[in-house]
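Notes follow once the structure below has been shown.
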Amino acid sequence: MKILVTFEISTPFADWHQAYGAKAPAREAAGITEIYCGHEQDNTAAVYCLFEAESLKVFNSFMQAPGHAEDAAKAGHLLQTTRAVALT
């Protein structure tokens, strides 16, 4: 299933993306494949990521793993702005 995640960041996109990229092995180990991750053309603080995962439950379990939220926040991810939706 495809999962679209949108959120805002408080750091430059390149800095956030470097920290995000460091988590790629953990995402892959959890069965989550990145299809696309980028920002709005005129707003680099608005991020959109599209993933493939077995289910939204699998994706949410990864997102709620110990330490994940703290690492994301340190990278500039404004957690309260996050929205993840399963797509048909």
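FYI, it's all coordinate maths here, none of it is from the lab. These numbers were taken from a predicted model, which means no experiment stands behind them. Virtual Cβ from ideal backbone geometry, glycine too; neighbours counted across all protein chains shown.
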Check: If you rank 20, 48 by fewest surrounding Cβ atoms within 10 Å, what's the result?
Finding: 48, 20
Item checked: Coil-residue GluC sites (Glu not before Pro) of segment 1-81, DSSP, other Cβ within 10 Å capped at 13 -> 54
Check: Calculated from DSSP H runs of 4 or more alone, at -39500 (n - 2.57) each and per residue, what is the 222 nm mean residue ellipticity of the chain, nearest 500?
Finding: -9500 deg cm²/dmol
Item checked: Inter-label distance, nm, simple model (7 Å from Cα along the C-beta direction), residue 5/residue 46 -> 2.0 nm
Next item on the list: Would you work out the charge dipole size for segment 2-87 about its Cα centre, treating the Cβ of every Lys and Arg as +1 and the Cβ of every Asp and Glu as -1, and quote it to the nearest 20 debye?
Entry: 220 debye
Check: Reachable lysines from residue 2, Cα under 26 Å, same-chain residues fewer than 8 places away excluded?
Finding: 23, 57
Check: In what order do 23, 74 fall by count of nearby beta-carbon atoms within 10 Å, going from fewest to most?
Finding: 74, 23
